[in-house]
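Report on one structure; see the data block that follows.
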Amino acid sequence: MAKRSYTKTYMPEQAPETRMHNFEEVALGYDLESGKLEASRCLQCKNAPCIDACPVMIDIPGFIKAIEDGDMPKAYEIIARYSNLPAICGRVCPQEKQCEMVCRLGRNKRFEPVAIGKLERLVADWALEQPIEEKSTAFDKGKVAVIGSGPSGLTAAGDLAKLGYDVTVYEALHAPGGVLTYGIPEFRLPKKVVRKEIAIIEALGVKIETNVVVGKTITMDEIQQNFDACYIAVGAGAPNFMGIPGTGLNGVYSSSEYLTRINLMHGYEFPKYDTPVHQSKNVVVIGGGNVAMDAARSARRMGADKVTIVYRRSEEELPAREEEYHHSLEEKIDYSWLSNPTEYLGNDKGELVGVKCIKMALGEPDDSGRRRPVPIPDSEFIIEADMVIEAIGQGANKVLLDTFPELAINKWGYIDADEESCATSVPGIFAGGDIVTGAATVILAMGAGKLAAKEIDMYVTNKK
Amino acid sequence: MFKITKMRQLSEKQFEMWVSAPRVAGKAKAGQFVILRTTEFGERIPLTIVQTDPEEGLVEIIFQVIGKSTAELATFKEGDSLHDFVGPLGMPANVKKYGTVLLVGGGVGIAALYPIIKELKKAGNRVLTILGAKTKELVILEEECRKYSDELIIMTDDGSLGEKGLVTNAMEKVFAREKIDMAWAIGPSIMMKFATMTAEKSGVPVYVSLNPIMIDGTGMCGGCRVTVGDAIKFACVDGPEFLGSEVNWDEFLLRSKQYGHEEAESFEAYQKEMADLG
C-alpha cells in the first residue's frame, strides 16, 4: 500500500468566482477512485473512537473498509443500518467536532483525520443512483404518529417502519424535510438529495402527509385516539428578533424568512416561482452561526454588492462550522467582529438604509463558558444597508404546544422530555430534536429520532 | 391535491370557490384562514375562511383578483384541484356576548366579516352591520349578512346602492345614535385604519383583521410581524385579529407595500404570457 497522505484526499469544489453567482452545490463529491484512496488512509482501529463520537453510532471503520474494497453495496448496507439520511449527514454534519475530531490518524500531529463525512457522502450518493426497493413489511406492531418531517422525525419514522410500525408523518408545510427543505440552502444541500432520501424512507412504508398543522388541522386528542404512540419533532421554529428600534422597517428579515423565501419557495428562481426575494445592494447579517453563513452566502448569490456579517464576539468564538466560515471568506463575505446592532435606520418610505452598531469588548466568561460581550461606550458606527437579516436563533413555536397544555414545558419554553428516553409528561407522547434542546444540529436531532424510535418500540410492546 | 367543487364569479374581479378539505372544514372557526397554493410554482396565499360545510367536508373562500396569484386562481374551474390547502390557521375571532356590536366590512373584506357577523348573532348579540364598496356590483354577501344582522347599512362610493359615502360616515351616525359595546372593521388596510380612528373618537373598542404578507402562516418566519402595542406580534399565529387601536398602522401600511415592484413584475409577466397563449 502506498504511504498514507498527510492530508485528506482533495474533493473538487466550484471555484468561488463561479459559485458566487449560482445556487448549485459547492462541493462536488468524490469519485470512486478518490474515495478508495481516502478510505485507505483509515487505520481500521479496533476500538474505533469515531463510532462513539457519532450521534447515531455508525460503524465507520466498517463502511470505510467496504469502500476500500470497492464494495459499495456493502458500504451502503452498513451505513443504512444506522442512518436513514446519510447523503444529508455526509454534507451537513459537523464531523470536525464529532467523528473526525477523535480520529486516531488525525490525532497524529502531521496527519489530517480521515475525511469520514466525505466518504459517507460518496456512499450515500452512490445509493441515491440505485433503484429504490419497495419494502413489503407487515406493519403489525402498532401505529405511530410523527409530527414534523425534519431530520428527527424522518429518522424516527424510518426506524419505526423498519421495526414493523405503521407510521404517519404530519408536516405543516407543503413539502417534507423541515429545515433540510426550508433552511439549508441548495448550494450546501441540494433539494434533489433531500427528496431522494425522503423517497427511500417512504419506500420503507412511511406515509407523509403534508399541509397538516397539528393543533390546528388535527388535534393532539385525535392523535392520541388514533395512534399507539406519538413522536413530536416539530423543531424550534419561531424566529427571535433583536427587538431594536426599526425592526418593522422594510428590508429587515429573520433568517428564517429570508431562507424560506429562497429555499422552500424558490425565490431565487422568481418569477418562474411566484415568491420574490428582494435584490439588495448592501446586506448585513447579524449572528455568527451556520444559519448566518447560509444567509450571507445566499445574499451573495442573489447579487448583493457587499455582504457583511456583524458578530458580537471575535473570530475565535465564531460558532459556525470552520468549512462554512472558510467558504464565506472565499466568497468575499466581510466581517465586522465585536459589533452589535443597536438600531435600524430607515427613510421616509419605511425602507432600511443603515444599521447602527456598537463596538463590543469581551468580558468575563458567561454561563456558556464563552466570554461575554459588553458594549464599549460611545463607539457607535453605521453600516450602510438596504437589507438586514437577523440570524440570532429561534425560540419554541407555540402553535402545537398551546393546544396541548398537558404537555410539560421547561423554563425556556421547550418540551420537557427525558434525555435518556425522549419521554414527556404524557404517557405515549415522546419528543426530541430542536423542540426539546433548542436549535442544534441535524445529526443531534437524528440521534434523538433514533432513540425515540427505540423507546417507542419498547413502550408500545410493553403496553400490549 | 384539493378539489374545487364549486366556482362562481361574483363580480368582474371577485370569485367564490368551494374546496374539498374535510379536515379544515371540520375545525374552522370564524376569523380563521387558510393558505393555498395554485401549483407547485405558486406562492402561499392566505385567504379567510368564509364558511364551511363540515358534513360535505367543504370550505368556502372568496377572493379578488389583485395580482398574478389571484389572477391564476381565477382561471381554476370546478373539478380542478389546488396543489396545497392548509388550515385553519390563526386564532378565531373573539366571539362572545357583548350586547350591541357594530360590524363594518369593506370590499372583499366583507367575506372575512360575514362569518363573524353570523357567530356574533348566534352568541346573542344585537348586530348592526355596515357594508361598504365602490359600487353596487362590489357589495358581496348582502343577503347573507342581512340574515344575521338586526340592521344592515350599505354605503357605496358612487351611491349606486344604499347611501353614497364611506363606511366611516355610517359609523359616526351609529355612534351618535346609540351605545356600541364592541366593533369590528375588516377591509382594505386604509379603511381599517380610518374605521379604528372613527371608533376611537367615540370610545368604542374595535377589532380589525390584518392581512400582511405571509409565507408559512405557522409562526415560523416572522414576515407577517406587526407592531401591536409595544410588542412584535405575528399576524399568522397571534392574529389575524387585533385591537385596531393598538396596531401601528403606518408601519403596517408600508410593510404591505414592500414587494410592490416584484408583484407588478410578476403580474405583467403573467398577463403577457396569457396574452401570448391567446
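The values are calculated or read from the model by the stated rules, or taken from the named source; none is laboratory data. Treat the numbers as computed from the prediction; the structure is a model and nothing was measured. Cβ placement follows ideal geometry from the backbone for every residue including glycine, while neighbour counts extend to all protein chains displayed.
Close Cβ contacts (under 7 Å, 6 or more residues apart or on different chains) running from residues in the stretch B:113-128 that are touching a residue at least 12 places away in the same chain (Cβ under 8 Å) to residues that are part of a strand (DSSP E or B) and among the small types (Gly, Ala, Ser) comprise B:Leu113/B:Gly105.
For residues in the stretch A:269-289 being in contact (Cβ under 8 Å) with a residue 40 or more places away in the chain and within 14 Å of chain B (Cβ to nearest Cβ), which is farthest from B:Glu72 (Cα to Cα)? Here the answer is A:Ile286. Whether any residue in the stretch A:406-425 is in contact with a Gly (Cβ under 7 Å, 6 or more places away or on another chain), in the same structural domain as A:Val310 (by the TED database), closer than 26 Å to A:Gly237 by Cα and buried (at least 16 other Cβ atoms within 10 Å of the Cβ) is what I want to check. No, the stretch A:406-425 contains no residue that is in contact with a Gly (Cβ under 7 Å, 6 or more places away or on another chain), in the same structural domain as A:Val310 (by the TED database), closer than 26 Å to A:Gly237 by Cα and buried (at least 16 other Cβ atoms within 10 Å of the Cβ). Scan A:Met72, A:Met20 and give me the residue that is farther than 20 Å from A:Thr155 by Cβ, outside the structural domain of A:Leu451 (by the TED database), among the hydrophobic types (A, V, I, L, M, F, W, C) and out of contact with any Asp or Glu (no Cβ under 9 Å at 6 or more places or on another chain). One residue alone meets the criteria, A:Met72.
Taking the stretch B:197-278 as the region of interest, the strands (runs of 3 or more DSSP E) fully inside it that hold 1 or more residues being within 14 Å of another protein chain (Cβ to nearest Cβ) are B:225-228, B:231-234. Being modelled with pLDDT of 95 or more and in contact with a Phe, Trp or Tyr (Cβ under 6 Å, 6 or more places away or on another chain) is the filter; apply it to the stretch A:273-310 and report the residue that is surrounded by the fewest Cβ atoms within 10 Å (Cβ to Cβ). So the residue we want is A:Arg301. Against the conditions (1) more than 26 Å from A:Gly433 (Cα to Cα); (2) more than 10 Å from every other protein chain (Cβ to nearest Cβ); (3) within 24 Å of the chain's Cα centre (by Cα); (4) at pLDDT 95 or above, A:Val252 satisfies every one except (2).
Annotation: of all residues in the stretch A:1-43 being touching a helix residue (DSSP H, G or I) at 6+ places or on another chain (Cβ under 7 Å) and part of a helix (DSSP H, G or I), the one that is nearest to A:Tyr325 (Cα to Cα) is A:Pro16. The requirement of being aromatic (Phe, Trp, Tyr), surrounded by 19 or more Cβ atoms within 10 Å (Cβ to Cβ) and modelled with pLDDT of 95 or more is fulfilled nowhere in the stretch A:381-394; no residue meets it.
For A:Gly90, state whether it is crowded, with 18+ Cβ neighbours inside 10 Å and at negative phi. Here the answer is yes, as A:Gly90 does meet what is asked. For the stretch B:134-169, taking the residues that are touching a residue at least 60 places away in the same chain (Cβ under 8 Å) and part of a helix (DSSP H, G or I), the one that is surrounded by the fewest Cβ atoms within 10 Å (Cβ to Cβ) is identified as B:Glu137.
Name the residues in the stretch B:231-256 that are free of Cβ contacts under 8 Å to residues at least 40 places away in the same chain and closer than 25 Å to B:Val86 by Cα, would you?
Residues satisfying the conditions are B:Ile232, B:Lys233, B:Phe234, B:Phe242.
Considering only residues of the stretch A:227-245 that are within 13 Å of chain B (Cβ to nearest Cβ), in contact (Cβ under 8 Å) with a residue 24 or more places away in the chain and more than 22 Å from the chain's Cα centre (by Cα), which is surrounded by the most Cβ atoms within 10 Å (Cβ to Cβ)? By that ranking, first place goes to A:Met242. When A:Tyr6 is tested against the conditions (1) surrounded by 15 or more Cβ atoms within 10 Å (Cβ to Cβ); (2) touching a residue at least 24 places away in the same chain (Cβ under 8 Å); (3) of a type outside the set (D, E, K, R), the lone failure is (1). Evaluation of B:Met182 against the conditions (1) closer than 27 Å to B:Ile35 by Cα; (2) hydrophobic (A, V, I, L, M, F, W, C); (3) touching a residue at least 40 places away in the same chain (Cβ under 8 Å) shows that the sole unmet condition is (1). Only strands (runs of 3 or more DSSP E) wholly contained in the stretch A:289-353 count here; list those with 1 or more residues that are aromatic (Phe, Trp, Tyr). Here the list reads A:334-336, A:339-346.
If a residue has to be assigned to a loop (DSSP other than H, G, I, E, B) and away from chain B (no Cβ under 14 Å) to count, how many in the stretch A:396-430 make the cut?
21
Kindly check whether there is at least one residue in the stretch A:163-185 that is surrounded by fewer than 22 Cβ atoms within 10 Å (Cβ to Cβ) and farther than 27 Å from B:His83 by Cα. Looking for residues that are surrounded by fewer than 22 Cβ atoms within 10 Å (Cβ to Cβ) and farther than 27 Å from B:His83 by Cα, one finds at least one in the stretch A:163-185, hence yes. Residues in the stretch A:98-123 that are more than 20 Å from A:Ser40 (Cβ to Cβ), within 20 Å of the chain's Cα centre (by Cα) and either part of a loop (DSSP other than H, G, I, E, B) or in contact (Cβ under 8 Å) with a residue 60 or more places away in the chain (or both): A:Gln98 only. Only a single criterion out of (1) outside any helix (DSSP H, G or I); (2) of a type in the set (Gly, Ala, Ser); (3) farther than 30 Å from A:Gln225 by Cβ is not satisfied by A:Ala138, namely (3).
Here is a yes/no grid of residues against (1) of a type in the set (Asp, Glu); (2) over 23 Å from the mean Cα position of the chain (by Cα); (3) not assigned by the TED database to the domain that holds A:Lys109:
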{"residue": "A:Lys8", "(1), (2), (3)": "no, yes, yes"}
{"residue": "A:Ala48", "(1), (2), (3)": "no, yes, no"}
{"residue": "A:Ala53", "(1), (2), (3)": "no, no, no"}
{"residue": "A:Phe63", "(1), (2), (3)": "no, yes, no"}
{"residue": "A:Ile67", "(1), (2), (3)": "no, yes, no"}
{"residue": "A:Ile79", "(1), (2), (3)": "no, no, no"}
{"residue": "A:Pro86", "(1), (2), (3)": "no, no, no"}
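Kindly establish whether B:Gly217 is at positive phi, modelled with pLDDT of 95 or more, out of contact with any Gly (no Cβ under 9 Å at 6 or more places or on another chain) and not polar (S, T, N, Q). So B:Gly217 does not fit the description; no. Filtered by the rule that a residue be small (Gly, Ala, Ser) and in contact with a Gly (Cβ under 7 Å, 6 or more places away or on another chain), the stretch B:224-239 gives a lone residue, B:Gly239. Of all residues in the stretch B:240-250, those that are touching a Gly at 6+ places or on another chain (Cβ under 6 Å) and among the small types (Gly, Ala, Ser) total 0.
Under 23 Å from the mean Cα position of the chain (by Cα), of a type in the set (Asp, Glu) and either closer than 21 Å to B:Gly217 by Cβ or within 14 Å of chain B (Cβ to nearest Cβ) (or both): does that describe A:Glu257? Yes; evaluated as a whole, the condition is true for this residue. Highlighted here are the strands (runs of 3 or more DSSP E) found entirely within the stretch B:16-133 that include at least 1 residues which are within 14 Å of another protein chain (Cβ to nearest Cβ): B:33-37, B:45-53, B:58-64, B:84-89.
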